[in-house]
Amino acid sequence: MKKRKLPIFLELTRGSLLIIISILAIYTIIQLVTFWSFSSEYENEYLIDKYNEIVSLSKNINIEISETGFNEYLKALIEGENDEHVRIYSENKLYYEDKTEVWNKIEYTKETNIVEVEVKVRFINFDTYRILSGPLNINGNKYNLQIIQESDLFDDFIESYFPILVFILVLGIILSVVGAMYVSRNFIKRLKGLTATMNEIKEEGVNKRAEISELNDEIDEVKVVFNSMMDELEEAFDEQSRFVSDASHELKTPLTALHGHLSMLKRWGKNDKERLEKSLDICLNEVERLKKIVNDMLLLSKAEKTEINLSELEEINPKIIVQEVIEQYKVLNSNVKYTINIEENMKIKIDPNDLKQLLIIFIDNSIKYNDKENIEIHISLRKTKDNFKLEVKDNGMGIPKDEIRKVMKRFYKVDKSRINNNSFGIGLSIANRIANNYNAKIHIESELDKYTMIRVYF
């Protein structure tokens, strides 16, 4: 079963509450550890001071004070604010022990040769006690001294801190709810603005954009990405519309010619053989033209949908492909001189059909846009430091500098007056799409009435 998500308000409330509780828990633990360390050190030092005081008095028994006076001092300890209890004993004798039930739960230290003072913590009946054990000498006799004191500093701190902790927790919950309400209200308000923009786009078109605030926060970043996406989408729609319009225009011309000649043949073709032959030739040419347009459009569509995985491609010898394409063109165009500059054993990762299609497009344009009696086409493929560079250069009509960037647009024609009827302005668009599939770039360099050179960087 799919887990149901909470509303934004509850998500923010829960998140802020968890943060506050986590901060409060960490702060409380630090406070407790710090105070425990402080209280332990303080109480240990206090017991050690009492121990030293008792040791000092024991050395003066029968000198400055009597043994009775020493015992009176020990009795006075349990009547003070800190409520210490004392027990002095040896292996064979209990010298002193004040009356308290706690001693029943604390064992004697058997050794009488204790040298170092030791403080331990014991938990008795859910209370914490500190027990100091150390050596004591009375009138030349060795004894063990035990001082016990209830450790109440930490307990008192806990008792006093707990109401504050509860208060802070309740206050944190209230602040979490209020903060979540404020943040979620503003967050949802700004999201609703973006939603409203989307609805306007749905109803009115893709020219609407989300407004960017001065806050420059995460919501604005989403809006920037959204606007960028809409820009690309609008450009794609415009390009698609232009493509449909241009394609319709290109198809309309041969269809109009076909319709005109077929209508004429229907009227007079049977009685006029000369007109019949002429009109049939024109119709066949227009049909060939239609086939060429449709085929180019299919090639363009195929190139746009193709995804190339270079790791799955095998290396090929490009020189073989180049020679095959040139041989095909030599049959139809005998006045073209080809120059090839490719290493014999060169290997490149590319689909043979894609390389062949690129060469056909470039060579076809070199022949089509050439008014010289002797056409020259130079083809080279070299390996550079970082990539491969394919070059196709001709001695043709050239391209105006201000139109070089436009020639790879669909159905774009530089100068319609100098282009024969078989040119539709799709070829370089196909080449550009094929190059993009290989993350390659096409660069065109040209000079009017001198040359055009196309470079492809793979």
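The values are calculated or read from the model by the stated rules, or taken from the named source; none is laboratory data. Note that this is a predicted model, so its numbers are computed, not measured. Cβ sites come from the backbone with ideal geometry, for glycine too, and all protein chains shown count toward neighbours.
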Sort out which residues of segment 53-70 are surrounded by 13 or more Cβ atoms within 10 Å (Cβ to Cβ) and at pLDDT below 80, and write them in order of number. I61, I65, E67
Looking at (1) assigned to a helix (DSSP H, G or I); (2) at pLDDT below 80, which is the only condition Y412 fails? (1)
Filter result (of a type in the set (D, E) and under 23 Å from R433 (Cα atoms)) within segment 325-354: D351, D354
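Yes/no matrix, rows are residues, columns are (1) surrounded by 11 or more Cβ atoms within 10 Å (Cβ to Cβ); (2) at pLDDT 75 or above; (3) part of a helix (DSSP H, G or I):
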residue	(1), (2), (3)
K2	no, no, no
F9	yes, no, yes
G15	yes, no, yes
I26	no, yes, yes
S40	yes, yes, yes
For segment 136-148, does any single residue satisfy the condition of being modelled with pLDDT of 80 or more, of a type in the set (D, E, K, R) and under 23 Å from Y42 (Cα atoms)? no
Sole miss for E211 among (1) more than 30 Å from M408 (Cβ to Cβ); (2) loosely packed, with under 14 Cβ neighbours inside 10 Å; (3) at pLDDT below 70 is condition (3)
Could you say whether any residue in segment 261-269 is among the aromatic types (F, W, Y) and modelled with pLDDT under 75? yes
Pairs please, first residue from segment 312-330 and over 17 Å from K383 (Cβ atoms), second anywhere and polar (S, T, N, Q), Cβ atoms under 7 Å, 6+ apart in sequence or on different chains. none
Quick check on I404: is it buried (at least 19 other Cβ atoms within 10 Å of the Cβ) and either of a type outside the set (G, A, S) or modelled with pLDDT of 85 or more (or both)? no
When every residue in segment 282-322 that is of a type in the set (D, E) and modelled with pLDDT under 75 is compared, the one surrounded by the fewest Cβ atoms within 10 Å (Cβ to Cβ) is E307
Considering each residue of segment 331-367, count those that are in a strand (DSSP E or B) and free of Cβ contacts under 8 Å to residues at least 12 places away in the same chain, and give that number. 0
Which members of segment 368-408 meet the condition of being without any contact (Cβ under 8 Å) to a residue 12 or more places away in the chain and in a helix (DSSP H, G or I)? D402, E403, R405, K406
Being at pLDDT below 70, surrounded by 11 or more Cβ atoms within 10 Å (Cβ to Cβ) and either closer than 30 Å to S429 by Cα or out of contact with any strand residue (DSSP E or B) (no Cβ under 6 Å at 6 or more places or on another chain) (or both) is the requirement here; does F243 meet it? yes
